[in-house]
Amino acid sequence: MNKIQNKGFTLVELIIVVAIIALLAAATFVAINPAKRLGEANDAQRWSDVTAIADAWVTYLAENSGTDATTSVGCITGNINCMIGTYTGTASSTANADAACASTTNGTIWLDPLVDGGYIGSIPFDPKSSGGTGTTTGYYFHKDANGVVAVGSCDKYQTANIQVVR
């Protein structure tokens, strides 16, 4: 008798191979988790930004004999939180800045003297902001009655509050 030999794969074998590939792809996608990686990258940028702002502020105070410029740049002194904004010269800019961090802000501080003095290259914007096109930065500035300054982010991914105290 002649045996006929079929060369190739059966349908069952092909289905098993496709199922294995699908499982491996799903496991890889879950392991990589691009949304989590993006959130962690945004938080890293936020930490970098608030640290840069706080360091620039401390350097500004040290080089200006401790002269506090918060009143001259728009922030009410005392134990309050102020949204960090970029100065536009319009009356509505304070309202726009407060909107990004409404639960923690009472005013707006313009840190343009830090840029003008060379203490920081530019006022940073939150990674999820509109790309630095408005007056809101997504960061806040807090100065208590003792002069202790905290700079923080209004937004975060999954970490604790993003805040630097100087």
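Where a number appears in this text, it was derived from the coordinates with a stated rule and is not lab data. Treat the numbers as computed from the prediction; the structure is a model and nothing was measured. Quick reminder, even Gly has a Cβ in these numbers, built from the backbone with ideal geometry, and neighbours come from all protein chains shown.
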Item to complete: Within 10 Å, count the other beta carbons around each residue, average over each peptide in 21-27, 138-144, 46-52, and list them highest first.
Response: 138-144, 46-52, 21-27
Response to the item:
Between the modelled labels at L11 and V148 (7 Å from Cα along Cα→Cβ) the distance in nm is 7.3 nm
